[in-house]
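**Student:** Have a look at this one.
The values are calculated or read from the model by the stated rules, or taken from the named source; none is laboratory data. Everything quoted here is computed from the prediction, not taken from an experiment. Note that we place each Cβ from the backbone using ideal geometry, even for glycine, and neighbour counts take in every protein chain shown. Accessible surface areas use protein heavy atoms only, side chains included; no ligands, DNA or RNA. Shrake-Rupley method; radii C 1.70, N 1.55, O 1.52, S 1.80 Å.
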Amino acid sequence: MLRWLYCPSSQAVGFAARNTLASLIALAAALWMELDSPQWAVATVWSVAQVRRGESMSKARWRIVGTMVGAIAAVAFIAAFPQQAWLFFPAVAAWIGLCSFLATFSVNFRSYAFVLAGYTCSIIAVAAASQPDNVFFIAVSRATYIVLGVVCEAAMALLFAHNLASRARATMLTRVEDVLHRLASLLREIVLHDRDTLAHAGEFSNMMVSVHHGIEFPAIEMGRHSHAGDHARAVFANISIMVTRLVGLSGSTERAELSRDPLLLETRGRLLQLCDRLVSCRLQRDMLETLHGHVTHLRAVFQDRARHETDETRRITHGVLDAAMTDLATAIGHCQAIFTPPPHDRFRFRLPGHRDLRLAFHNGLRGAIAILGAGLIYEVTAWPGGMGFIAITTLVCGLFATRENPVVGTVRFLSGAVWSAVAAGCLDLWIVPYLSDYEELAFVLGIFLFVGGLAKYNPGTAGAAAAYGLLMPNLLMPGNQLRIDEVTFLNTALHTVLAVGLSVLVFRLVLPFDARDERIRYGAHIRTELRGLCIVPLPPSPQWWIGSSVDRIGRLVRHAAQAGDRTATGDIRQTLLLSAVGLNILLLRQLKRQQRHEASRTLTQLMRALARYRPVSRRGIALVSVARRRVLLMLRQEPENMWLLRILGCLDGIGRTAATCLAQSSAGQK
């Protein structure tokens, strides 16, 4: 368990040494400038410090933005409610709730900016409550700490960053290759009709979400002139659409029928060859060109069979495979653009995620209740350390409010707070009183910070180390003319640990998160969305639907893994099938807009009926079957009309996935 401490990797040592040196430089600069709370400069360094340089750059930028907004809000609240505690605390609580609410709708460190605007306002306003005339100077001082810590961390990181752009490009290529290799495994399971295909498709969606969120940081390291991140996101979008198409197709041919049909057997063999090529694929010029040529050839073969086959089942199957190969060819084209950027590349692409209004409301309400509770405790007890108690409560609630499952990690953060109190106590009570100059303090403090850096680099202890790096400097409280006595330290440590404990209780007792309820709510929400997709005047793009669906599926997989819930597989499969239904509905609406045909009227009637009776219902499946028979009669009259064939493929996808979804729901209820 302590291998990260006594046998760290060279990367961990470099990370810890870099940030320890940056912290000591920031502390020295703050002491030289005679700032009143130099410990916040050290805490800023450890707050901004991330393993990847791109993460640090993004977090530093958004930290400055959030600090400035929070400082302005603090000045406004102090000016609006001087000496009015029962107006001041509800106003701050409402601000924290609003920031947590908005942060839930953002990803990565953009959400961190909203959170920071919330707890920076609280920290400045609480510090200025007893001296409101000085609120402007306190706000400027707080902003100075933040900028100082960010600048020191960035300057030190630049000294340790070598070939940053080339390493970021290699990282991005590796992640895209991993996606292609996982796609090969999933495609093989789909072709062979593996029973665990849907479960593995859910895991694949979770991987896609994590890679999609993480691709932003290598893109930042590569610079604004590069659009490799946009191409990578386009790769993920097209691959996700392809997988969702094939999930809808996977039940179209039974094993017995497949074993008797030589043409479908030959098609399966071609797809398995494609899987072998994807497994060995590397993002290199020759291999990408060869793979693109192979996919293009498969697309031409499937298109020819869809056009000239006489059997309708074969035609529909090969029509869907033709569309899937088009998606894959587009994805490989974007892979080539990552490896060899085209001249004057201006490509932009964003893959949206799920926006959960209820989760955002709960996060905001938890934060507001925590601040109101802390303020009530302070007003009732007149606790001398009550203002610090409120500030730390705000900080911890803000940090955890934007998490999908805010309960996860709170206990580790509490343990990190306890360890920060122990470390600061050793320094304040036993070591610092015997030091006479900054060099001695830097040497001793550097040892404690270095250990915290090693812990933050290790994934198993990163949560506790985040609290350690953030709270330990605040408990240490170094200063030019200040040394902490035992009473002051114990009071400060007490209100710090109790504030973290109150935040943990709030997240566990106020609107507690339940993964099973979340899965049920997601399923009901998607079913409601499906009805809206049928009749909304301006339907979203398939990329928007896939981005939102993949994000939801990834969350369900992560929640189940965090809770150790093995019964979640059925709900994840249901969500994946519902996503396939939604994709086919959007594709049908796109096809309906392409031509004026008798089939367009049939599709219009179908969409209105599905919006009324729900796509995933027995009546909805019957309506889809009736529309399919009508379109099939039209295709027999116009056998060369590929547009009608694509419509049939979408109708078959809706009917099959909806029937499978109903069957699994019935089996789960039994």
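**Student:** Name the residues in the range 156-186 that are aliphatic (A, V, I, L, M) and under 20 Å from H225 (Cβ atoms), would you? I'd like the intermediate steps shown before the answer.
**Tutor:** Narrowing the range 156-186 to residues aliphatic (A, V, I, L, M): 156-159, 161, 164-165, 168, 170, 172-173, 176, 179-180, 183-184, 186.
Passing the criteria: L158, A161, L164, A165, A168, A170, M172, L173, V176.
**Student:** Please determine whether any residue of the range 128-141 is within 34 Å of the chain's Cα centre (by Cα), closer than 15 Å to M33 by Cα and at pLDDT below 85. Step through it out loud before you land on a result.
**Tutor:** Of all residues in the range 128-141, those within 34 Å of the chain's Cα centre (by Cα) come to 139-141.
Okay, now just the ones that are also closer than 15 Å to M33 by Cα, so 140-141.
From the residues that got through so far, the ones that are at pLDDT below 85 too are none.
No, every residue in the range 128-141 fails to be within 34 Å of the chain's Cα centre (by Cα), closer than 15 Å to M33 by Cα and at pLDDT below 85.
**Student:** Answer with yes or no whether Q50 is under 30 Å from D356 (Cβ atoms), outside any helix (DSSP H, G or I) and open to solvent by 20 Å² or more (accessible area, probe 1.4 Å). Explain how you work it out, then say what you get.
**Tutor:** Values: under 30 Å from D356 (Cβ atoms): yes; outside any helix (DSSP H, G or I): yes; open to solvent by 20 Å² or more (accessible area, probe 1.4 Å): yes.
Here the answer is yes, as Q50 does meet what is asked.
**Student:** Another question, then. Tell me which of these T44 doesn't satisfy, since it passes every other one: (1) more than 27 Å from A113 (Cβ to Cβ); (2) in contact (Cβ under 8 Å) with a residue 60 or more places away in the chain; (3) of a type in the set (S, T, Y).
**Tutor:** Answer for T44: the failing condition is (1).
**Student:** Going by what's in this entry, would F114 be described as outside any helix (DSSP H, G or I), among the hydrophobic types (A, V, I, L, M, F, W, C) and under 30 Å from R350 (Cβ atoms)? Quick ask: steps written out before the conclusion?
**Tutor:** Details: outside any helix (DSSP H, G or I): no; among the hydrophobic types (A, V, I, L, M, F, W, C): yes; under 30 Å from R350 (Cβ atoms): yes.
So F114 fails the test.
**Student:** What is the residue count in the range 323-379 for residues that are assigned to a helix (DSSP H, G or I), among the charged types (D, E, K, R) and surrounded by 19 or more Cβ atoms within 10 Å (Cβ to Cβ)?
**Tutor:** Of the residues in the range 323-379, the ones assigned to a helix (DSSP H, G or I) are 323-339, 357-379.
Still in the running and among the charged types (D, E, K, R): 327, 358, 366, 379.
Right, trim to surrounded by 19 or more Cβ atoms within 10 Å (Cβ to Cβ) and you get 327, 366.
Here the count works out to 2.
**Student:** With crowded, with 19+ Cβ neighbours inside 10 Å and under 22 Å from V51 (Cα atoms) as the only criterion, which of V209, V191 stands out? Give the derivation first.
**Tutor:** Details: V191 fails: under 22 Å from V51 (Cα atoms).
When all the criteria are applied, what remains is V209.
**Student:** Across the range 437-463, which residue is farthest from A49 (Cα to Cα) among those that are open to solvent by 50 Å² or more (accessible area, probe 1.4 Å) and under 23 Å from the mean Cα position of the chain (by Cα)?
**Tutor:** P459
**Student:** Evaluate the following for T569: is it surrounded by 15 or more Cβ atoms within 10 Å (Cβ to Cβ), at pLDDT below 85 and farther than 30 Å from E638 by Cα? I'd like the intermediate steps shown before the answer.
**Tutor:** Details: surrounded by 15 or more Cβ atoms within 10 Å (Cβ to Cβ): yes; at pLDDT below 85: yes; farther than 30 Å from E638 by Cα: yes.
Judged against the criteria, T569 is a match.
**Student:** Please identify the pairs in which a residue from the range 454-474 that is aromatic (F, W, Y) has its Cβ atom under 7 Å from the Cβ atom of a residue that is not in a helix (DSSP H, G or I), counting only partners at least 6 apart or on another chain.
**Tutor:** Y457/V51
**Student:** Counting only residues that are in contact with a Pro (Cβ under 7 Å, 6 or more places away or on another chain), give me the helices (runs of 4 or more DSSP H) lying completely in the range 533-650 with at least 2 of them.
**Tutor:** Details: elements: 542-563, 569-594, 598-613, 618-637.
In the range 533-650, the matching helices (runs of 4 or more DSSP H) lie at 542-563, 569-594.
**Student:** Can you name the residue in the range 3-34 that is open to solvent by 70 Å² or more (accessible area, probe 1.4 Å) and assigned to a loop (DSSP other than H, G, I, E, B) and, of all such residues, is modelled with the lowest pLDDT?
**Tutor:** Our first condition is that a residue be open to solvent by 70 Å² or more (accessible area, probe 1.4 Å); within the range 3-34, this holds for 3, 5-6, 10-11, 21, 25, 32-34.
Right, trim to assigned to a loop (DSSP other than H, G, I, E, B) and you get 33-34.
Values: M33: 87, E34: 84.
Per the stated criteria, the residue is E34.
**Student:** Got a sec? Which of A49, A74 is touching a Ser or Thr at 6+ places or on another chain (Cβ under 8 Å), under 15 Å from G398 (Cβ atoms) and of a type in the set (A, V, I, L, M, F, W, C)?
**Tutor:** Details: A49 fails: under 15 Å from G398 (Cβ atoms).
Criteria check complete, one pass: A74.
**Student:** Just for the range 80-89: of the residues that are within 13 Å of V126 (Cα to Cα) and either assigned to a helix (DSSP H, G or I) or touching a residue at least 24 places away in the same chain (Cβ under 8 Å) (or both), which one is nearest to the chain's Cα centre (by Cα)? Quick ask: steps written out before the conclusion?
**Tutor:** Going residue by residue through the range 80-89, those that are within 13 Å of V126 (Cα to Cα) are 81-85, 88-89.
Next, from what is left, pick out any that are either assigned to a helix (DSSP H, G or I) or touching a residue at least 24 places away in the same chain (Cβ under 8 Å) (or both): 82-83, 85, 88-89.
On the way: P82: 40, Q83: 41, A85: 38, F88: 34, F89: 32 Å.
If we take residues in the range 80-89 being within 13 Å of V126 (Cα to Cα) and either assigned to a helix (DSSP H, G or I) or touching a residue at least 24 places away in the same chain (Cβ under 8 Å) (or both), then F89 is nearest to the chain's Cα centre (by Cα).
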